[in-house]
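Heads up, the thing below is written out as structure tokens.
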Amino acid sequence: MPQPDRRLEVSEAAWRVIVREGLDRTSMRAIAQEMGCTTGVVTHYFRNKQELILFALRQVKERLQAAMEQAVESVPGPDRLVVMLAAFLPLDSERQEILRVWLAFLGYAVGRDNLMADHQQSAAQLRTVIIQELEALKAQQILRSDIDPATEANALLALANGLSLDSLIQGQPLSLDQQRLVLQRYVKTLLIQD
């Protein structure tokens, strides 16, 4: 099997262990056991746990970006923004797993400056995509003229992050349709009203 595919296989095993055990209890040995191989196989592709965790976080970002890009392919206007943000929500089992890995990483990164910097860089790249979408809507005169795209990108991501977190911690979370409705209502407040 080519090396990049094997790295992804190791990363996916790490995800499963992280989701099940948490990041603090995730070890190279636990990942090897998950894969049914020796620790040497894992360390062949990743020198240490931190390198593997950074790779796994980058996979989270790439999967989120791919979900966003796929979701908006044929969606026009402000609905595009809602669909982009909905890509962050844990609406299916894959995105629920992504959210759990992201949250585990965030908790683990606190107090580890290099990990937090990498996390912030990934978040900034996703934020840039939202800013670009808002700027496009503003250029099309769909977005209100008093809206600052950078500020609204932060607010929209905070809303999507809050909905995601709520879906994990609430005993009775909002349904998938309700989550989308919350996003639609907020985006509607940003638009020029006829």
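Criterion applied to Gly107, Gly171, Gly162, Gly111 was being out of contact with any helix residue (DSSP H, G or I) (no Cβ under 6 Å at 6 or more places or on another chain), closer than 25 Å to Gln70 by Cα and among the small types (Gly, Ala, Ser), and the one residue passing it is Gly162.
Among the residues of segment 139-194, those identified as free of Cβ contacts under 8 Å to residues at least 12 places away in the same chain, part of a helix (DSSP H, G or I) and more than 16 Å from Phe88 (Cα to Cα) are Ala139, Thr151, Ile169, Arg185, Thr189. Before we move on, is Gln120 within 15 Å of the chain's Cα centre (by Cα) and either open to solvent by less than 30 Å² (accessible area, probe 1.4 Å) or modelled with pLDDT under 95 (or both)? When the stated conditions are applied, Gln120 passes them. Pairing residues of segment 102-117 that are without any contact (Cβ under 8 Å) to a residue 12 or more places away in the chain with residues that are open to solvent by 80 Å² or more (accessible area, probe 1.4 Å), at Cβ distances under 8 Å and at least 6 apart in sequence or on separate chains, gives Met116/Val110. For segment 138-194, a residue qualifies if it is open to solvent by less than 30 Å² (accessible area, probe 1.4 Å) and among the β-branched types (Val, Ile, Thr), and the qualifying residues are Ile147, Val187. With respect to Arg127, determine if the residue is part of a helix (DSSP H, G or I), touching a helix residue (DSSP H, G or I) at 6+ places or on another chain (Cβ under 6 Å), open to solvent by 40 Å² or more (accessible area, probe 1.4 Å) and farther than 19 Å from Leu183 by Cβ. The answer is no for Arg127.
The values are calculated or read from the model by the stated rules, or taken from the named source; none is laboratory data. Bear in mind the structure is a predicted one, so any value in this text is a computation, not a measurement. Backbone-built Cβ (ideal geometry, glycine too); neighbour counts: all protein chains shown. SASA here: full protein model, heavy atoms, side chains in, ligands and nucleic acids out. Shrake-Rupley method; radii C 1.70, N 1.55, O 1.52, S 1.80 Å.
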